[in-house]
Structures are given as structure tokens and as C-alpha cells.
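Here's the structure, in C-alpha cells; my notes come after.
The values are calculated or read from the model by the stated rules, or taken from the named source; none is laboratory data. Computed from a prediction, not measured in an experiment: that's the story for all the values here. Cβ placement follows ideal geometry from the backbone for every residue including glycine, while neighbour counts extend to all protein chains displayed. Heavy atoms of the whole protein, side chains included, go into the accessibility calculation; ligands, DNA and RNA do not. Shrake-Rupley method; radii C 1.70, N 1.55, O 1.52, S 1.80 Å.
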Amino acid sequence: MQLLKDRIRKDGKVKEGNVLKVDSFLNHQMDVKLFREIGKEFKKRFEGEEINKILTIEASGIGIACIAAEVFDVPVVFAKKNQTKNIAGDVYTTKVESFTHGRVYDIIVAKEFLGKGDKVLLIDDFMANGKALEGLAQLVEDSGAELVGAGIVIEKGFQRGGDILRKRTHLESLAIIESMDEKTGEIVFRDDE
Ligand code: 5GP
């Protein structure tokens, strides 16, 4: 998606540890007009697929998923990050290893909001090693819902997540980063000339 790639080039900041900061339009301040274009692009890429629910994960997936849900005209549910001791009975839960924070946490969705008959599109801001997405896919599977696909705004193609998730479902990433250089700030996208 050219508009997104141009914006990443203009405003993205390459940090140490293979982290891309996009706080000025995606992860802190949010450019809702861009989110709307992202939502429309997801809709185009999943045209013909039957989707009746969007599932994301707190916190930074929520804004994007909400706008996408409006375009798809379906409800959106976000998985909550939680401590094991707080988990009540009526939830699906799985463990996720965080890329940015380097720790393991639980994610939960109430059984009330995910189950048989749901045809689910996963949405998230970033994919690195794919752990967050794998966790969401697991919740969908455990609930008896159907996993239709996953839409990612920025995939870091040099990390493992893309390969893992493409084996499991229909994955669409709107910008795939092939490499990025912390020293020069250069970002190369997968389909660049
Ligand atoms: P994964 O589970 O695929 O390893 O990591 C995905 C999650 O980590 C995303 O939901 C995102 O919040 C965060 N993340 C991973 N890599 C980056 C990055 O380079 N920049 C930012 N801003 N977040 C990242």
C-alpha cells in the first residue's frame, strides 16, 4: 500500500533491536484518515471472504481494528492482556511472548464474544515473530470460531512471523519491510524496485 509505505519512510524511526517507531501516526498519535484508507485496503484484500467479526489485541491494535470494523460493518473484539490470577472461568485464554517487552503474558477473550458461527479476521498493527497473531489464532481455534484471515499493517519480513502465519491462514500485510538500518534510517520494502 503505497500511501502507507510513503508515510513509514517519511515519519518512521528505526530504533535499535529491530524496532520501528511509528508513534506519530500509528502507535501513539493516530492518523484516523490513514486508518480509514487502511480499513478500505483490508476490505479490498479480503473481498469475497465471509467475515462477521474482527479480533485484535490491546492496546495498539484497537484503533486500527475499530476503523476496519466500520468499513467491514462487523463488530470488533479485542483480546485483553491479563495476569493469570485475574482470569475468571468464562474466558478463552492463551500465553503470548511479547516481542517489544520480552516477557510472557496471558491474553483473554470472554466466551460470550467469540464462538461457533463467528468468521474471524484478525487485525494488528505489527508483526515481528508472530506470537501475538498466533495467540489470537489460538483463541479463535479454541472457541470453535472460524479463522478467515489476518490483516497486518506493518510486517517485518526479516522476522519469522510472516512465514509461520502464512502456513496457517490467509495473511495480508500492507507494508512488508525487508530490511531497516538503525544507523542510516534506511527502510527497504519487499516489493521495492
Ligand atoms: P510479534 O508477536 O509478532 O513478535 O510482535 C507483535 C507485537 O509486538 C505487535 O502487536 C506490536 O505491538 C509489537 N511490535 C513488534 N515489533 C514492533 C516494532 O518494530 N515496532 C513497534 N512499534 N511495535 C512492534
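Summary table below
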| quantity | calculated |
| --- | --- |
| The chain - accessible surface per residue (Å², probe 1.4 Å) | 51 Å² |
| Lys, Arg +1 and Asp, Glu -1 on Cβ, resulting dipole of the chain about Cα centre, debye, nearest 20 | 340 debye |
| Gyration tensor (alpha-carbon) shape descriptor, the stretch 1-98, a/c threshold 1.5 | oblate |
| Rounded percent of accessible protein surface that carbon and sulfur make up, the chain, 1.4 Å probe | 46 percent |
| Residue of D90, D142, D125 that the Gaussian network model of the chain assigns the largest fluctuation, springs spanning Cα pairs under 10 Å | D90 |
| Most fluctuating residue given options K21, K33, K13, as computed from a GNM of the chain linking Cα atoms under 10 Å | K33 |
| The stretch 129-169: trypsin sites (Lys or Arg not before Pro) in DSSP loop, at most 15 other beta carbons within 10 Å | R160 |
| Options F46, L114, V153, ranked by Cα towards positive dipole end of the chain, top entry (Cβ charges) | L114 |
| In degrees, nearest ten, helix 32-45 long axis to first principal axis of the chain (Cα) | 70 degrees |
| Point-to-point label distance, K119-K81, nm (Cα→Cβ direction, 7 Å offset) | 3.2 nm |
| Crossing angle, helix 61-72 versus the chain [Cα axis fit, 0-90 degrees, rounded to tens] | 80 degrees |
| Whole-Å distance, taken between Cα centres, linking the stretch 93-151 and the stretch 157-182 | 17 Å |
| The stretch 45-106 - charge dipole about Cα centre, Lys and Arg +1 at Cβ, Asp and Glu -1, debye rounded to 20 | 440 debye |
| Projected label distance in nm at R190 and K167, using a 7 Å step from Cα toward the beta-carbon | 1.6 nm |
| DSSP bridge orientation in the chain - percent antiparallel, rounded to nearest 5 | 40 percent |
| Degrees, to the nearest 10: 2-11 long Cα axis against longest axis of the chain | 70 degrees |
| Most mobile of G39, G157, G102 in a GNM of the chain (Cα contacts under 10 Å) | G102 |
| Kirkwood-based shape ratio for the stretch 122-193, expressed as Rg/Rh from alpha carbons | 1.04 |
| For the chain, diffusion coefficient by Stokes-Einstein and Kirkwood Rh (Cα), 25 °C, 0.890 mPa s, µm²/s | 145 µm²/s |
